[in-house]
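As structure tokens, the structure follows; a few thoughts come after it.
The values are calculated or read from the model by the stated rules, or taken from the named source; none is laboratory data. Not measured: the values here are computed from a predicted model. Positions of Cβ are generated from backbone atoms using ideal geometry, with glycine treated the same way; all protein chains shown enter the neighbour counts.
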Amino acid sequence: QVQLVESGGGLVQPGGSLRLSCAASGSIFSIHGMGWYRQAPGKQRELVAVITSGSVTNYADSVKGRFTISRDNTKNMVYLQMSSLKPEDTALYYCNKVPSLDYWGQGTQVTVSS
């Protein structure tokens, strides 16, 4: 059964940090690249960070140098460490396979505001 459960979002001031976590079912996780996506109000969902099954990473220009994606293959977990957060990072954040499945978890809300 497909399962994606995101957590760790919250309200943070500009310049602050958050760490997002994603629990993925083994059928999704084991051999696939995983990514963090986000969707801001009124905008399309975008892919911001990718990690391959071999832990090679890639980032959207908008988050490069500020976000770090990682994975724990023993726990089927994917993480997103976010630092130097900006108001424009405010969005609902999701994890999913890359390319994504049709199924999406509930996401976790990140709000950057003073």
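When you check Val48 against the structure, is it part of a loop (DSSP other than H, G, I, E, B), out of contact with any Leu (no Cβ under 7 Å at 6 or more places or on another chain), among the aliphatic types (A, V, I, L, M) and at pLDDT 95 or above, yes or no?
no
Which of the residues that make up the stretch 61-114 are under 19 Å from Arg45 (Cβ atoms) and β-branched (Val, Ile, Thr)?
Val63, Ile69, Val78, Thr90, Val98, Thr108, Val110, Thr111, Val112
Looking for whichever is touching a strand residue (DSSP E or B) at 6+ places or on another chain (Cβ under 6 Å), buried (at least 18 other Cβ atoms within 10 Å of the Cβ) and part of a helix (DSSP H, G or I) here; the options are Ile28, Ile69. Which one fits?
None of the others qualify; the one that does is Ile28.
Can you tell me which of Val5, Val56 is over 14 Å from the mean Cα position of the chain (by Cα) and either among the β-branched types (Val, Ile, Thr) or surrounded by 13 or more Cβ atoms within 10 Å (Cβ to Cβ) (or both)?
Val56
I want to confirm something. Restricting to the stretch 10-61 and keeping residues that are without any contact (Cβ under 8 Å) to a residue 24 or more places away in the chain and among the hydroxyl-bearing types (Ser, Thr, Tyr), which single residue is farthest from Asn76 (Cα to Cα)?
Out of the qualifying residues, it is Tyr59.
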